[in-house]
1. Before we move on, is B:V112 crowded, with 18+ Cβ neighbours inside 10 Å and either of a type in the set (A, V, I, L, M) or modelled with pLDDT under 90 (or both)?
2. May I ask you to list the residues in the stretch A:12-49 that are aliphatic (A, V, I, L, M), in contact (Cβ under 8 Å) with a residue 60 or more places away in the chain and part of a strand (DSSP E or B)?
3. Here is a list of conditions, (1) over 25 Å from A:N30 (Cβ atoms); (2) buried (at least 16 other Cβ atoms within 10 Å of the Cβ); (3) β-branched (V, I, T), and B:I103 meets all of them except one; can you say which number that is?
4. For residues that are touching a residue at least 60 places away in the same chain (Cβ under 8 Å) and among the acidic types (D, E), scanning just the stretch A:55-105, find the one that is nearest to the other protein chains (Cβ to nearest Cβ).
5. crowded, with 17+ Cβ neighbours inside 10 Å and away from chain A (no Cβ under 14 Å) - does that describe any residue in the stretch B:55-65?
6. Out of (1) crowded, with 16+ Cβ neighbours inside 10 Å; (2) away from chain B (no Cβ under 12 Å); (3) part of a strand (DSSP E or B); (4) over 10 Å from the mean Cα position of the chain (by Cα), the odd one out for A:R108 is which?
7. Working only within the stretch B:76-99, note down all residues that are of a type in the set (D, E, K, R), more than 14 Å from every other protein chain (Cβ to nearest Cβ) and under 14 Å from B:R51 (Cβ atoms).
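The values are calculated or read from the model by the stated rules, or taken from the named source; none is laboratory data. Small disclaimer: the values here were computed from a predicted structure and weren't measured. Note that each Cβ is placed from the backbone with ideal geometry, even for glycine, and that neighbours are counted across all protein chains shown.
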Amino acid sequence: SQTIHQWPATLVQPVGSPLSLECTVEGTSNPNLYWYRQAAGRGLQLLFYSVGIGQISSEVPQNLSASRPQDRQFILSSKKLLLSDSGFYLCAWSVRRGAGENFGPGTRLLVL
Amino acid sequence: AQKVTQAQTEISVVEKEDVTLDCVYETRDTTYYLFWYKQPPSGELVFLIRRNSFDEQNEISGRYSWNFQKSTSSFNFTITASQVVDSAVYFCALRPYNTDKLIFGTGTRLQVFP
């Protein structure tokens, strides 16, 4: 069966510090991978998605970036965090078109 | 434009009441998929249902039922005999066939009181 892992579960970082959130998927090959952000009490905002290794589509211009170094690994990064980067970050995967997205447990990021 | 509207931001009911969460979508595509997700307080999104645009049959799963009406572009979700454990934020989402991403509504927060 397929599983998705995200870590860390919670992170508190100072403004200006770097960020690296990792997501890995098991039990499937060549999935679509996604990063979403959810601000407190708000809806889901798609940040990046990837249909293959090295292929990244950015939905919202910001100081975040994403990379997919391996088929089932998706990394969200920032060189310098802003206060507005605080939120709940969710990684998700799906098979090719038509399927829904399966979400990971999420990472709560607080930037102080 | 492709869009999902969940006009109800928050609903409160007492346990055992029935509750319907509304979802209206916009798309020009003839082939698309609709979804509902549940986000309990723990945060993780839980997949509830997927429906394709060619299947307008209503679906029932236990206390959950879904009413898909293409004529009104709606995909409403009803919980019968609600329970406290149903308290969560519920998201409706749309995926046009030729795209790789979901379009989410803003969610409806459901609170079920004992």
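1. So B:V112 passes the test.
2. A:V12, A:L19, A:L21, A:V25, A:L33
3. So the condition that B:I103 fails would be (1).
4. Out of the qualifying residues, it is A:E101.
5. Looking for residues that are crowded, with 17+ Cβ neighbours inside 10 Å and away from chain A (no Cβ under 14 Å), one finds at least one in the stretch B:55-65, hence yes.
6. (2)
7. Looking only at the stretch B:76-99, we keep the residues that are of a type in the set (D, E, K, R), and these are B:86, B:95.
Subset that is more than 14 Å from every other protein chain (Cβ to nearest Cβ): B:86.
Of everything in the stretch B:76-99, nothing turns out to be of a type in the set (D, E, K, R), more than 14 Å from every other protein chain (Cβ to nearest Cβ) and under 14 Å from B:R51 (Cβ atoms).
Results for (1) surrounded by 17 or more Cβ atoms within 10 Å (Cβ to Cβ); (2) within 25 Å of A:F48 (Cα to Cα), shown as yes or no for each residue.
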position: B:D29; (1), (2): no, yes
position: B:Y32; (1), (2): yes, yes
position: B:F47; (1), (2): no, yes
position: B:I79; (1), (2): yes, no
position: B:L94; (1), (2): yes, yes
